[in-house]
Structure formats: C-alpha cells, structure tokens
C-alpha cells in the first residue's frame, strides 16, 4: 500500500474518529496507534538489528505506522472483510 492509497481510504472517514491497529490475523488484537515515522528517520537514529538483503525493496521514504499499547482482543472477521475489499488490496 502506498501513502496515496491510505489517504484515499481515510478521506471519507470521520476526522474525529480514533485510529486503532488490528494485528495478528490468527489471534487478533486491537491496539492504539502511536505515530508515524519514515525509514530515513529510523536509520538516522541507529543501525538495523540485521542488515537487509541487497535485493530487498527498501526506500528511505518508506513510512511506518507505529503501534502503541495493546487494548483488547480483536475480531478475526475484520481481516476477512479487509482482504475482500479494495482497502486491503496491495497496490503499487
């Protein structure tokens, strides 16, 4: 997914809504969203724990959505809904 895709998805949502993360398809949890950081910002702060392979698609402009505190168990059905919708489609 590209930044432009995320903007397109979110543009019609209520701007006052909380942003939460749903993770772990097999054992879903809802968590707080704590921020956004770019790869350039992370690599300027230190080294990779493990050096990436040369053929990996890595760009300094990559954007990371950073999760925060885990809040509660999530609903597995949400993953199925996203995967069937255009919101879950990987688009380049």
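Got a sec? Which strands (runs of 3 or more DSSP E) wholly within region 13-92 have at least 3 residues that are at pLDDT 85 or above and either over 18 Å from residue 2 (Cβ atoms) or touching a helix residue (DSSP H, G or I) at 6+ places or on another chain (Cβ under 7 Å) (or both)?
Numbers: elements: 20-23, 29-38, 63-73.
The strands (runs of 3 or more DSSP E) meeting that bar are 29-38, 63-73.
Report the residue count in region 2-46 for those that are surrounded by 13 or more Cβ atoms within 10 Å (Cβ to Cβ) and in contact with a strand residue (DSSP E or B) (Cβ under 9 Å, 6 or more places away or on another chain).
16
The values are calculated or read from the model by the stated rules, or taken from the named source; none is laboratory data. Computed from a predicted model, the values in this text were never measured in an experiment. Neighbour counts run over all protein chains shown; Cβ positions are idealised from the backbone, glycine included.
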